[in-house]
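**Student:** What follows is a structure written as structure tokens; I'll ask about it next.
The values are calculated or read from the model by the stated rules, or taken from the named source; none is laboratory data. Just so you know, these numbers come straight off a predicted model, no measurement behind them. Because the Cβ atoms are built from the backbone with ideal geometry, glycine has one as well, and the counts that use them run over all protein chains shown. These area figures cover heavy atoms from the full protein model, side chains too; ligands, DNA and RNA do not enter into them. Shrake-Rupley method; radii C 1.70, N 1.55, O 1.52, S 1.80 Å.
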Amino acid sequence: MTSKPLTTAKPRRIALVGTGYFSQFHLEGWLGIADVEVVGVCDLDMDKANALAQRFGIAKTYTSLAQMLELAKPDLVDIVTPPSAQADLLEQLYSRGLPVICQKPLGVGYAQACEFVQKAEQHGIDLIVHENFRFMPWFREMRRLIEAGHFGDVYGVSFRLRPGDGQGPNAYLERQPYFQTMPRLLVAETAVHFIDTFRYLMGEVEAVSARLRRLNPAILAEDAALITFEFESNSTGLFDGNRLSSHQTRNPRRTFGEMWLEGSRGVMRLDGEARLWWAPHQGAEIQHIYDHGSDACFGGGACGNLQKHVIEAIDAQRPFENRAKDYLRNILIQEAIYASHNTGRRINLSEFVPSDAGGYTSTVSFPCSFNS
């Protein structure tokens, strides 16, 4: 299922809902694409909507989605709101026939995310999740090299997340203060990006095992995690996340950490400056030159890369990456990770049924239980 091609009259008309912290990166992405016009910004707080619109040179602001749809007549709607607001917004959009991009997390739990997908399919609209990490240039290059056979047999992937923003009583307050009181943090907010990225690079996840920790007593939920992934290809993955420690970089939010991708022909390393280093099997490491995008943009331009992909896919009637229907698997794996921590068990995805208390309504057990 794909939406009808966007209007042939250019520029294409985009409407954005929500003016929180990450909305700036969405707007940077849209405004960097040729033949795109952001025709409206909507938020219940008009002052916030006006401030964001003025910063990016957008003429029209609204406090009502219905009014923006009526007056701005967009071709596509980009929802950049917390999950608690998504259901009402999507209800207003299902019957409009417009493609919709919805910020992650998708819904307040697995059951609601499934409901979103079901209703979108019933109404024949495309619902795409704004999961942009896989669109970071370094991950796109790794995927290109995998497909080209550069690695030979792919053995495994490991990522060490070290943004260094989680220490002390003022952790996260400057940028995203709600992090302190979220009942789930590292996995639901950050590691889910790498669930998707690992699947993009390595294929489908077969099983997971996880141990979560809370290192900063000033916050409610987990801020460190050790998660192992078993893929159907017989390769493995390791996510070692710790928001308190840092890594070597001028900008800790460029790559968020360091990564290693291993194969029979050698190992590729991603450093904190978005450089890729290739070490052939039993050989010396050399830099792999590629275009890692703009250092001034989030994730090397990941938002714009995702948005451009969506427009091109609609116009060419090609499949999307990150369709909401496909993204449900990420949420299922996320729930399996929490279940693994809380039970102390390896979780096989083929046998797992989530209890779906919801990522934003249930807490994590500390310390975890390791019952047999």
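**Student:** Sequence gap at least 6, Cα distance under 8 Å: using those rules, report the relative contact order of region 1-152 to the nearest whole percent.
**Tutor:** Relative contact order of region 1-152: 21 percent.
**Student:** Would you grab the residues whose amide H sits under 5 Å from the one on C102? Only those 5+ places off in sequence or on another chain, please, with H modelled 1.01 Å from N.
**Tutor:** I79, I128, V129, H130
**Student:** Points 7 angstrom from Cα along the Cβ direction at N251 and Y21: gap in nanometres?
**Tutor:** Inter-label distance under the simple model: 1.7 nm.
**Student:** Which distance in nm do the two modelled labels at D45 and Y290 give, with both placed 7 Å along the Cα-to-Cβ direction?
**Tutor:** Modelled inter-label distance: 3.8 nm.
**Student:** Still on this structure, please answer the following. Rounded, prolate or oblate: pick one for region 178-295, where a ≥ b ≥ c are the square roots of the eigenvalues of its C-alpha gyration tensor, a/c under 1.5 means rounded, and failing that, prolate if a/b is larger than b/c, else oblate.
**Tutor:** oblate
**Student:** Rank A224, A324, A34 by mean-square fluctuation in a GNM of the chain with C-alpha springs under 10 angstrom and give only the top-ranked residue.
**Tutor:** With Cα springs under 10 Å in the chain, the top fluctuation among A224, A324, A34 is at A34.
**Student:** Relative contact order of region 32-77, please, whole-number percent, based on alpha carbon pairs below 8 angstrom and at least 6 residues apart.
**Tutor:** Relative contact order of region 32-77: 39 percent.
**Student:** Another question, if that's okay. Mind grabbing the accessible area of E230 for me, 1.4 Å probe, Å², rounded to tens?
**Tutor:** Surface accessible to solvent at E230 totals approximately 60 Å².
**Student:** Of L261, L328, which has the most accessible area and how do the rest follow, probe 1.4 Å?
**Tutor:** Working: L261 0, L328 25 Å².
The ordering from most to least exposed comes out as L328, L261.
**Student:** Oh, and also: Hand me the GluC sites (Glu not before Pro) from region 164-225 located in a DSSP loop with no more than 16 other Cβ atoms within 10 Å, in residue order please. Mind showing how you got there, number by number?
**Tutor:** On the way: sites: E174, E189, E204, E206, E222; in loops: E174, E204, E222.
When the GluC sites (Glu not before Pro) of region 164-225 are filtered for loop state and at most 16 Cβ neighbours within 10 Å, E174, E204 remain.
**Student:** Report, to the nearest whole %, how much of the accessible area of the chain belongs to carbon and sulfur atoms, 1.4 Å probe, protein only.
**Tutor:** 49 percent
**Student:** Quick one, which of [x] 142; [y] 282; [z] 172 is the actual volume of the Cα convex hull per residue in Å³ calculated for this model?
**Tutor:** [x]
**Student:** Under the definition of Cα pairs under 8 Å and six or more residues apart, what whole-number percent is the relative contact order of the chain?
**Tutor:** Reported as a whole number, the value is 19 percent.
**Student:** At a 1.4 Å probe radius, which order do R143, R275 fall into by accessible area, largest first?
**Tutor:** Final ranking, largest accessible area leading: R275, R143.
**Student:** Local charge sum around G29 (other residues, Cβ-Cβ under 10 Å, Lys/Arg +1, Asp/Glu -1)?
**Tutor:** With Lys, Arg at +1 and Asp, Glu at -1, the neighbours total -1.
**Student:** So how many Lys-Lys pairs in the chain land under 28 Å Cα to Cα, not counting same-chain pairs under 8 apart?
**Tutor:** Lysine pair count for the chain: 26.
**Student:** Another one. On a 1.4 Å probe surface of the protein chains, which of V108, V36 comes out largest in accessible area, and what is the full order?
**Tutor:** From most exposed to least exposed: V108, V36.
**Student:** Something else: Counting only heavy atoms of protein chains, what accessible area per residue, in Å², does the chain have with a probe of 1.4 Å?
**Tutor:** Per-residue value: 43 Å².
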